[in-house]
Structures are given as structure tokens and as C-alpha cells.
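What follows is a single structure, written as C-alpha cells, with notes after it.
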Amino acid sequence: MIEDTFGTLVITFVQQNINLMEELLISLVSGAVGGNLAGFAMKNKSLGVLWNTVAGLVGGGLGGQLLGMLGLGGDSIGANVAGSGVGGAVIMLIVAVIKGAMKKA
């Protein structure tokens, strides 16, 4: 009986962690895509493919987590993709503006 309960707990724990990893991976990829799309759309703000991707990864991770904490994402993959993509674009734009301001100074 104890072995069955322990086995069920372990399986549940593993399944929850797999779901979290999937959500994080989706957030990171969506953020990277969002950062690069923003860089493509705003050529004068683009940081280059590498840095657009890095900024997008950070923004995607933050955007996905923020949506989850606010309860706005729900269980929808689409909401996670959209929020993470927008987060990636926003962080890329913020970094580009800061970089531009530092160049002028």
C-alpha cells in the first residue's frame, strides 16, 4: 500500500515537472521568435540576430512566467506563445533603446 502511494506521488511529481519544462521551452522559443520578429520589423532598433535572440529568450521567459503568475495564461499554449512572443519583443526593444541612448551619450 505504501509503495503504491509513493509510486503515485513520484509519477505525479515527474509529470508536473515535465509540464513545467514544456511550458518554459515554449516560452523561450516564442520569446526568441518575438525578439527576432521585432528586430526584423524595426530595422533601426535591431541588435542583430544573436542579440535579438538573447533578448527574446529573456523576454519570453519573463513574459511566460509573468502571465502564469497573474493567472492570465491559463492552460492555453496559445496564450503562452503570444505572451512570450510579446515579452521577447518588448525586452528586445528596451535593450535597443538603452543601447541607442548610450551611443548618444
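Taken together, the values in this text are just the output of simple stated rules run on the coordinates, not laboratory data. Source: prediction; values computed, not measured. Quick reminder, even Gly has a Cβ in these numbers, built from the backbone with ideal geometry, and neighbours come from all protein chains shown.
Numbers for the structure displayed
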{"item": "Computed [θ] at 222 nm, helices only, for the chain once each DSSP H run of length n ≥ 4 contributes -39500 (n - 2.57)", "result": "-31000 deg cm²/dmol"}
{"item": "Which of 53, 8 has the fewest Cβ neighbours within 10 Å, and the rest in rising order", "result": "8, 53"}
{"item": "Relative exposure of 43, 99, judged by other C-beta atoms within 10 Å (fewest first)", "result": "43, 99"}
{"item": "Per-residue Cβ neighbour rank within 10 angstrom, fewest leading, 11, 26, 77", "result": "11, 77, 26"}
{"item": "Å³ per residue enclosed by the Cα convex hull of the chain", "result": "107"}
{"item": "Mean separation of Cα contacts under 8 Å, 6 or more apart, over the residue count of the chain: relative contact order %", "result": "32"}
{"item": "Cα-centred dipole magnitude for segment 2-104, charges only on beta-carbon of K, R (+1) and D, E (-1), debye, nearest 20", "result": "1080"}
